[in-house]
Number of protein chains: 2
Amino acid sequence: MPATIRDVARASGVHISTVSRTFSAPHLVNPDTRSRVLACAETLGYRPNRAARALITGRTHNIGLIVADIANPFFPPLIKAAESQARGRDYHIFVADTNEDPAVEEELVHALAKQVDGVLLCSPRMSNSLIEQLSREVPLVVVNRQVAGLPSVATDNGQGARLAVEHLLSLGHRDLALLAGPRGSWTNREIRRAAVAAARAGGAALTVLGPNPPTETGGGALAEPVRRCGATAVLAYNDLMAIGLIEGLRAIGTAVPGEVSVVGIDDIALSRLTRPKLTTVATPAAAAGRTAVDLLLQNGAGAGARGGRRGGLDDDRRATAQVTLRTELVIRESTGPGPAASNA
Amino acid sequence: MPATIRDVARASGVHISTVSRTFSAPHLVNPDTRSRVLACAETLGYRPNRAARALITGRTHNIGLIVADIANPFFPPLIKAAESQARGRDYHIFVADTNEDPAVEEELVHALAKQVDGVLLCSPRMSNSLIEQLSREVPLVVVNRQVAGLPSVATDNGQGARLAVEHLLSLGHRDLALLAGPRGSWTNREIRRAAVAAARAGGAALTVLGPNPPTETGGGALAEPVRRCGATAVLAYNDLMAIGLIEGLRAIGTAVPGEVSVVGIDDIALSRLTRPKLTTVATPAAAAGRTAVDLLLQNGAGAGARGGRRGGLDDDRRATAQVTLRTELVIRESTGPGPAASNA
DNA sequence: TTGAAAGCGCTAACAA
DNA sequence: TTGTTAGCGCTTTCAA
């Protein structure tokens with residue numbers, strides 16, 4: 001049976017409130033008393049019960065992190081970074097996986113709301129209005145999406161898509177295809193808009209294929225459509241789809257980058273390990289995870305209030321930083337000269 | 001400000017204890033009253049505060065999950081499965097990453113202990129005695145390791161290693177190398193023992209290289225040593241190392257499987273996507289995650305007790321199932337005939 | 001079937 | 001600097 005504050009109080013001959021202070025406001029207690037209490041606590045293996053503490057302070061020191069799919073290699077580095085950042089600030093992270101299901105997303109926010117000081121909503125598929133509504137229940141930071149009035153951090157995949165298309169154009173490609181991602185993905189819209197604009201600016205044609213599941217299988221299924229549409233270069237919603245596409249292309253005897261160039265987005269570890277190595281847009285996932293945690297904590301998620309509302313600021317004054325993280329083109333082996341290469 | 005049990009009681013004109021019963025023991029309350037309370041709760045958006053509940057019941061409905069490295073692709077499917085299984089049983093999962101550091105492991109168990117009903121310790125690097133000691137603080141299920149007296153679930157990587165070596169022998173290889181994993185890894189010892197035994201039984205030589213970090217880089221660094229030791233076939237501690245080794249081998253102009261055959265362990269998604277596709281031993285990570293959760297919950301982690309000790313059973317009677325999950329050889333492209341192929 | 005009361009482990013006024 | 005007291009939101013005897 002774990003030691004409680006009372007056990008420590010008894011052992012060190014002080015009142016429980018003194019023990020409490022020793023841990024939550026050490027400067028308010030006499031150094032001698034403090035060290036005695038600390039010694040007893042040590043002996044008894046006492047650690048304050050955070051849940052009990054949370055009941056009063058309103059701060060659980062927990063953060064919820066909701067992702068569409070833990071197994072999608074884009075997320076683990078983000079989760080890892082968030083977890084590490086949180087731990088450095090004495091917070092723990094609840095991780096939950098929605099299986100790309102918006103209904104599960106909503107349910108999880110509700111379920112987590114009371115146990116956490118805030119939730120990091122990664123690549124949510126919900127509607128904006130639902131997200132706004134949920135944000136009244138618990139402080140939210142949205143990752144890889146922007147919602148008016150809410151703090152967010154997003155990698156600039158639109159800018160990345162532009163980089164990718166410009167790279168393709170400079171290689172002499174004039175017939176491009178875009179493998180769209182899942183419906184409801186904000187990032188997907190950003191990529192699409194930027195890719196279309198960049199293609200038009202370069203005088204190239206761009207066919208949009210999709211929406212598709214953001215997986216290797218999703219990409220693989222598009223090999224035929226890609227050939228049919230006559231594109232010589234393809235930008236995929238993410239690396240997984242790009243890699244799936246390359247596989248699919250190989251299966252139908254199409255050489256990459258010989259006949260078709262392929263660019264992904266994310267720069268997951270995997271993209272360095274396939275043949276050909278994937279040309280891709282590196283998105284700073286770890287930085288996004290760290291930033292999201294910081295944003296949440298800055299926004300007063302940790303403020304608490306005795307019987308008061310969550311968060312430290314009024315709704316109006318609550319900071320709603322919308323951080324955008326730059327991306328970077330990483331040229332590897334999956335892109336090569338296009339038909340108009342001599343123009344380049 | 002979220003609604004509390006008192007708000008609901010006031011709105012529905014009953015005592016808070018009736019509201020409490022409506023949620024925790026519905027059969028004890030009059031159907032009419034129950035539906036009225038439920039309706040009010042719905043309107044107010046009331047949800048019981050689990051932390052407050054845990055204070056009394058001793059059951060937090062949370063589970064801790066500690067892994068060495070979230071970014072290691074072996075873990076996400078395990079985490080995902082555990083999370084899903086837990087959610088189905090109305091539990092949430094805290095995920096924490098130790099960065100392969102035993103000291104962090106210990107600290108995390110302490111930190112999580114009060115907030116969870118049990119901890120899933122995945123591939124721990126701690127000593128057995130420390131694990132046993134920690135298990136007195138909070139119910140533990142050990143994953144991919146066996147500790148006397150503690151429930152555990154492990155994929156049978158020893159059996160897998162035997163399968164792999166036998167496969168290599170049958171291909172005519174007589175000079176084998178084993179890329180060992182990290183120091184402190186129980187799995188590593190199992191693999192080593194089984195590989196050594198299988199090689200000896202087959203009359204083949206086996207050189208053990210390591211210990212090494214269980215990463216792509218760790219494997220890549222071993223390309224030279226592998227060539228120097230004259231092995232024509234290599235078994236790696238995990239797929240990541242196998243893939244790194246293949247990369248490294250390619251960099252020094254060695255063909256796989258032409259000159260050297262390589263087998264991994266785990267069958268991570270990646271192993272299907274590299275060139276050549278990796279021959280490997282599939283370990284049922286998702287099943288391990290699910291089983292670990294079940295084991296924890298069965299062992300009375302969820303039992304709680306008013307003022308009593310954690311867990312539902314006495315120490316003596318506490319079930320200590322040691323589940324072992326069979327593995328399976330998946331032959332792909334990274335293994336081929338060895339010098340003694342004609343003998344096979 | 002419901003209400004009253006005690007209390008889980010802890011913090012936060014307030015008083016001494 | 002320390003102790004006293006009230007109470008966070010909830011469950012659980014016990015009595016009605």
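Structure summary
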read-out: Interchain or long-range residues, amide H under 5 Å from residue B:62's placed H; value: B:92, B:117
read-out: Listed residue (B:169, B:119, B:104) projecting farthest to the positive dipole end of the range B:79-172, Cβ model; value: B:169
read-out: Percent breakdown of C-alpha pair distances by 10 Å bin, ordered from the shortest bin, for the range A:12-99; value: 15, 32, 25, 16, 10, 1
read-out: Under-5 Å amide H pairs with residue B:338, H placed in peptide plane, nonlocal only; value: B:172, B:173
read-out: Span from the the range B:319-336 Cα centroid across to the the range B:118-188 one, whole angstrom; value: 12 Å
read-out: Estimated 222 nm signal from helices in chain A, with DSSP H stretches of n ≥ 4 weighted -39500 (n - 2.57), rounded to 500; value: -12000 deg cm²/dmol
read-out: Per-residue average of Cβ from other chains inside 10 Å of B:268-274; value: 5
read-out: C-alpha long axis of helix B:239-251 to longest principal axis of chain B, angle in °; value: 30 degrees
read-out: Note, ³J(HN,Hα) from phi for the range B:214-225, Karplus 6.51, -1.76, 1.60, rounded to Hz, x at Gly and Pro; value: x, 10, 4, 4, x, x, x, 5, 9, 4, 4, x
read-out: Exposure proxy order (Cβ contacts within 10 Å, fewest to most) of B:1, B:241; value: B:1, B:241
read-out: Quotient of C-alpha Rg and 2.2 N^0.38 Å, computed over the protein assembly as shown; value: 1.05
read-out: Amide H contacts of residue A:281 (H built 1.01 Å from N, under 5 Å, at least 5 apart or other chain); value: A:264, A:265, A:266, A:267, A:330
read-out: Shielding of B:61-71 by partner chains, average beta-carbon count, 10 Å; value: 3
read-out: Principal-axis tilt of helix A:157-170 within chain A, Cα atoms, nearest 10 degrees; value: 20 degrees
read-out: Cα-based equivalent ellipsoid of chain A: semi-axis lengths in Å, sorted from largest, via gyration tensor; value: 50, 19, 16
read-out: Extension gain (nm, one decimal) between residue B:324 and residue B:201, 0.36 nm per residue minus Cα-Cα; value: 41.9 nm
read-out: Label-point gap, in nm, between residue A:99 and residue A:183 - each point 7 angstrom along Cα→Cβ; value: 1.9 nm
read-out: Neighbour-count order for B:262, A:260, fewest beta carbons within 10 angstrom listed first; value: A:260, B:262
read-out: Between helix A:186-201 and chain A: long-axis angle, C-alpha atoms, 0 to 90°, nearest 10; value: 30 degrees
read-out: Whole-Hz couplings from phi, Karplus 6.51/-1.76/1.60, listed for the range A:37-45; x for Gly and Pro; value: 4, 4, 4, 4, 4, 4, 4, 7, x
read-out: Position residue A:45, label points 7 Å along Cα→Cβ, spacing to each other copy in nm (shortest first, one decimal); value: 4.2
read-out: In order through the range A:77-82: 3J(HN,Hα) via Karplus (6.51 cos²θ - 1.76 cosθ + 1.60), integer Hz, x for Gly, Pro; value: x, 5, 4, 4, 5, 5
read-out: Percent of Cα-Cα distances greater than 18 Å, calculated over the range B:5-48; value: 8 percent
read-out: Antiparallel bridges, percent of DSSP beta bridges restricted to the protein assembly as shown (to nearest 5); value: 10 percent
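Throughout, read-outs are computed from the coordinates displayed, never taken from laboratory work. Everything quoted here is computed from the prediction, not taken from an experiment. So basically every Cβ, Gly included, is an ideal-geometry build from the backbone, and we count neighbours across all protein chains shown.
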